[in-house]
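Everything on this sheet refers to the single structure shown next.
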Amino acid sequence: MSKPLKQIHLAAHFPGVNNTTVWSAPEAGSHIEFSSFAHFARTAERAKFDFLFLAEGLRLREQGGKIYDLDVVGRPDTFTILAALAAVTEHLGLTGTINSTFNEPYEVARQFASLDHLSGGRSAWNVVTSWDAFTGENFRRGGFLPQDERYSRAKEFLATTQELFDSWQGDEILADQASGVFLRDAKAGSFVHHGQHFDIQGQFNVPRSPQGRPVVFQAGDSEEGREFAASGADAIFSRYATLNEGQAFYTDVKNRLAKYGRRHDQLLILPAASFALADTDAEAEELARIVRRQQVSGATALKHLEFVWNRDLSSYDPEGPLPDIDPDVSDNHISKGRAQVRMYRDPLATAREWRELAAANKWSIRDLVINTGNRQNFIGSAGTIARTINEYVQADASDGFILVPHITPTGLDDFADKVVPLLQEQGVFRTEYEGPTLRHQLGLAHPDDVRGEQRAAS
Amino acid sequence: MSPSSLHLAVALDGTGWHPASWREPVARPHELLTAGYWADLVTEAEHGLLDFVTIEDGLGPQSSHPFDPDERTDQVRGRLDAVLIASRIAPLTRHIGLVPTAVVTHTEPFHLSKAIATLDYVSTGRAGVRVQITARPNEAAHFGRRTIPPIEDYDGPVVTDLFDEAADHVEAVRRLWDSWEDDAEIRDAATGRFVDRDKLHYIDFEGKHFSVKGPSITPRPPQGQPLVTALGHQSVPYRLIARQADVGYVTPHDTDQARAIVAEIRAEQETAGRAGEPLHIFGDLVVFLDDDPAEAAARRDRLDALAGERYRSDARVFTGTPAQLADLLGEFQAAGLTGFRLRPAVLGHDLPAITRGLVPELQRRGAFRTAYEADTLRGLLGLARPANRYSAASA
């Protein structure tokens, strides 16, 4: 008997601050006006997507000591925009990236529990960490966290918020007008947490929300990050949207679940993925080529090279050869507030590899950057993209994808209208929402049911 | 509209300001944690053409005690984050201002600045904030980062320090709102620049309790500066109002007090170097409104009996008819108040009494608008959109 078809999960990443958004295109709209967010969210909901995803960054990026000005800059507050989007959607999950370094558990727990109430059970939290003093300069607590403590704080932060969410059982509010008893239990919301990073106690003042706790996402690819996700996240926001890398990551992370007493289906692997969709495969290839050139101007190519070289390369010609000087390997990095920089752990090796690639292909600096980064994950007609996405998911390269269009806010429209119906015809994507909450769309149990299951098993 | 027109706001909290209000048949106490409940309240206020609503909040359970939890089970306990309620309602309304409460003692100015800026975007220019301090030790313990000494004296050093910190907080928030000039986004395809970095500014705020570098991650909001409001009962909070607020809420019990408070705040305003800037002073009143004054008084007595004690408030508690309230508001206005924030004793009863009883009465007297006359909250209050402090400095 053949294996039953997996159901695909799809989400929409609002194209915010990144180096892939084509802001110069004539159809590009505002990245900050609410109408853009509303259009994007309504498109995702029309297509029956699981959720909308928002990234975050708490300080404007700098390069060479100046604010980086070549990419989209500016974004809204995560909680506030998600609460407003709850008013213009009914089923779409609302996933926000919130930093565990420059926030406090009581406050974040209040905000997520409030969002969960105000959206009828659609909130999700992508937990990220930050350790840099650069971002810390914007915050009261200031400073930074030693790198080796960031996951320990994140873990304790997450555990503490879950203690707060669990401090209400859900049946405390009686509100009996006749007897005058509002609360069954004067101690509802009581908590005590004494730990390494947080030493807090009192009463949580948001009663239990529809999902009990928000769905938890985790991003990050380090050994610690994978373990952190396996131990308690509901989904991973991954970056491996290719078949082989995706399968390797998928196998590795899913195999870590057993030691935490968790099943394979209790953690979803959802890579971010971009796409170029056109009427034919050939047109899509041409579109992808054009988009990549729009994404990487000459100036952008030079700045990208600076991530690796860690030097001012503004005097180089982006249409000319790669620099023959070596990268500066000191820690005082030219680029600040940007995650990609950490991808190049051995700049000398990367520079050597890139020079060889450029020489072999006769690439200029700009050609190199175009060809080594930002390639769309799915390129083709609607039929090709639907087939490829389904193949990847059935082959366990992922459980679905978080799509990042390159145009704001209409970049998802064609995907919704053309690709989604094909996935629905193949029976691998929903035609109606599964239930009122995000946990329903993701096939995740309510935490109270999980608690019951664990009690029954013990 | 005549220049003598007064401004009206309504303060939303739970089922109303009387602690037994949740026991009234109109109260909907099971719906307090739903979006629909708040949408209905704000929509009702908008039907009454009110300037704005405020939404109460706190970083701990509600309590009848000023500094400690009370562990009572006979009153509404538990609430949602006010900024998120305001944002959830914003797309459902078009004209009314939305002014959530934010506690500035334990929160980050950077986060608050972008949250209120975003509320201004989602409401297209109708956002404000009511800043509040907390001296409650139990709320400090929810954060575990500082302890707050017991309060002996409302004008003493502990309270003064908390309000000075609040003033710093607002200063940092305001600078962050200005940290992007209005035309910082240039989308210059020729040079490949999305923003003009010369129009983005480090705020470099340094205060006694914290420092903030900036700029904000959120562009300057539609109003430039959303509305900043604060409640005060004493000289120390009056100073915060005079230094940093666009609207101050005060609690006079008669016209002499109103006159004295207004004089004190105006003097503080001059000391703070803001004499020329518009600053609204709103009177806060708890209201029981009925067509028959005896009925309003009887309703108060009935709720007091349910609560087991006489309801007292920092603000004057009014019982009577819409016409009597309109008379009182007129007297207070003559004493120098420019508007009122009414606290409905029972939201389900007294909010519609304001919008359908008081408002038409004021309109008959030519004292209140008959249509929304501006697109932004600042516009409704007759406040100009402020110039950006940084572009002014660089010009």
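A few comments on the model shown:
- Conditions (1) touching a helix residue (DSSP H, G or I) at 6+ places or on another chain (Cβ under 7 Å); (2) open to solvent by 30 Å² or more (accessible area, probe 1.4 Å); number of the one not met by residue B:254: (1)
- Listing of helices (runs of 4 or more DSSP H) fully contained in region B:302-386 that carry 1 or more residues being within 13 Å of residue B:5 (Cα to Cα): B:322-334, B:359-364, B:377-380
- Restricting region A:8-32 to residues that are of a type in the set (Ser, Thr, Tyr) and at pLDDT below 95, the residue that is surrounded by the fewest Cβ atoms within 10 Å (Cβ to Cβ): A:24
- Any hit, region B:211-224, residues being open to solvent by 50 Å² or more (accessible area, probe 1.4 Å), within 25 Å of residue B:346 (Cα to Cα) and either aromatic (Phe, Trp, Tyr) or free of Cβ contacts under 8 Å to residues at least 40 places away in the same chain (or both): no
- Residues (within 11 Å of another protein chain (Cβ to nearest Cβ), open to solvent by less than 30 Å² (accessible area, probe 1.4 Å) and modelled with pLDDT under 95) located in region A:119-137: A:134, A:135, A:136
- If you filter region B:144-174 down to residues that are aliphatic (A, V, I, L, M) and not in a helix (DSSP H, G or I), you find that the one that is farthest from the other protein chains (Cβ to nearest Cβ) is B:151.
- Here the condition is being of a type in the set (A, V, I, L, M), open to solvent by 40 Å² or more (accessible area, probe 1.4 Å), at pLDDT 95 or above and in a helix (DSSP H, G or I); of B:294, B:242, it holds for B:294 alone.
- Within region A:371-384, considering residues that are at pLDDT below 95 and part of a helix (DSSP H, G or I), the one most open to solvent (accessible area, probe 1.4 Å): A:371
- Residue that is least open to solvent (accessible area, probe 1.4 Å), among those in region B:175-206 that are over 19 Å from residue B:389 (Cα atoms) and part of a loop (DSSP other than H, G, I, E, B): B:192
For every residue, the table says whether it meets (1) more than 14 Å from residue B:76 (Cα to Cα); (2) modelled with pLDDT under 95; (3) facing another protein chain (nearest Cβ under 9 Å).
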| residue | (1), (2), (3) |
| --- | --- |
| A:162 | yes, no, no |
| A:167 | yes, no, no |
| A:175 | no, no, yes |
| A:181 | no, no, yes |
| A:190 | yes, no, no |
| A:195 | yes, no, no |
| A:199 | yes, no, yes |
| A:202 | yes, no, yes |
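- Subset of region A:92-108 that is part of a loop (DSSP other than H, G, I, E, B) and either touching a His at 6+ places or on another chain (Cβ under 9 Å) or on the phi > 0 side of the Ramachandran plot (or both) - its residue that is nearest to the other protein chains (Cβ to nearest Cβ): A:104
- The number of residues in region A:158-198 that are in contact with a Lys or Arg (Cβ under 8 Å, 6 or more places away or on another chain) and in a strand (DSSP E or B) comes to 4.
- Qualifying residue in region B:231-238 (condition: assigned to a loop (DSSP other than H, G, I, E, B), open to solvent by 10 Å² or more (accessible area, probe 1.4 Å) and within 14 Å of chain A (Cβ to nearest Cβ)): no
- In region A:409-449, residue most open to solvent (accessible area, probe 1.4 Å) [restricted to those that are of a type in the set (Val, Ile, Thr) and assigned to a loop (DSSP other than H, G, I, E, B)]: A:431
- Just one residue in the set A:156, A:104, A:163 is under 18 Å from residue A:447 (Cβ atoms), touching a helix residue (DSSP H, G or I) at 6+ places or on another chain (Cβ under 9 Å) and either surrounded by fewer than 24 Cβ atoms within 10 Å (Cβ to Cβ) or acidic (Asp, Glu) (or both); that residue is A:163.
- Some residue of region A:266-273 being over 16 Å from the mean Cα position of the chain (by Cα), more than 30 Å from residue B:76 (Cα to Cα), away from chain B (no Cβ under 14 Å) and open to solvent by 50 Å² or more (accessible area, probe 1.4 Å): no
- Within region A:82-91, the set of residues being open to solvent by less than 10 Å² (accessible area, probe 1.4 Å), at the interface with another protein chain (Cβ under 7 Å from one of its Cβ atoms) and closer than 14 Å to residue A:40 by Cα comprises A:84, A:86.
- Residues in region B:73-98 that are under 21 Å from residue A:165 (Cα atoms) and either more than 7 Å from chain A (Cβ to nearest Cβ) or β-branched (Val, Ile, Thr) (or both): B:73, B:76, B:82, B:83, B:85.
- Scanning region A:33-53 for residues that are surrounded by 22 or more Cβ atoms within 10 Å (Cβ to Cβ) and assigned to a loop (DSSP other than H, G, I, E, B) yields a total of 3.
- Residue check, residue A:313 under 21 Å from residue A:69 (Cβ atoms) and either open to solvent by 70 Å² or more (accessible area, probe 1.4 Å) or part of a loop (DSSP other than H, G, I, E, B) (or both): yes
Listed here are the residues, each with its yes/no results for (1) among the hydroxyl-bearing types (Ser, Thr, Tyr); (2) loosely packed, with under 15 Cβ neighbours inside 10 Å; (3) at pLDDT below 90; (4) in a loop (DSSP other than H, G, I, E, B).
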position	(1), (2), (3), (4)
A:304	no, no, no, no
A:308	no, no, no, no
A:321	no, no, no, yes
A:345	no, yes, yes, yes
A:352	no, yes, no, no
A:357	no, no, no, no
A:360	no, yes, no, no
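- Test: residue in region B:286-297 that is aliphatic (A, V, I, L, M) and in contact with a Pro (Cβ under 7 Å, 6 or more places away or on another chain): yes
- Of the residues contained in region A:385-403, one or more are found to be without any contact (Cβ under 8 Å) to a residue 60 or more places away in the chain and open to solvent by less than 60 Å² (accessible area, probe 1.4 Å).
- Long-range neighbours under 6 Å by Cβ, at least six apart or interchain, first residue facing another protein chain (nearest Cβ under 7 Å) within region B:27-39, second open to solvent by 30 Å² or more (accessible area, probe 1.4 Å) and of a type outside the set (S, T, N, Q): B:35/B:88
- Complete set of residues in region A:189-235 that are of a type in the set (Asp, Glu), under 25 Å from the mean Cα position of the chain (by Cα) and surrounded by fewer than 22 Cβ atoms within 10 Å (Cβ to Cβ): A:221, A:223, A:224, A:227
- Within region A:31-81, considering residues that are more than 10 Å from chain B (Cβ to nearest Cβ) and among the aliphatic types (A, V, I, L, M), the one farthest from residue B:110 (Cα to Cα): A:47
The values are calculated or read from the model by the stated rules, or taken from the named source; none is laboratory data. The model shown is predicted, which means the values in this text are computed figures rather than measured ones. Here the Cβ is made from the backbone with ideal geometry for all residues, glycine too, and neighbour counts use every protein chain on show. To get the accessible areas, we keep the full protein, side chains included, count just its heavy atoms, and leave off ligands, DNA and RNA. Shrake-Rupley method; radii C 1.70, N 1.55, O 1.52, S 1.80 Å.
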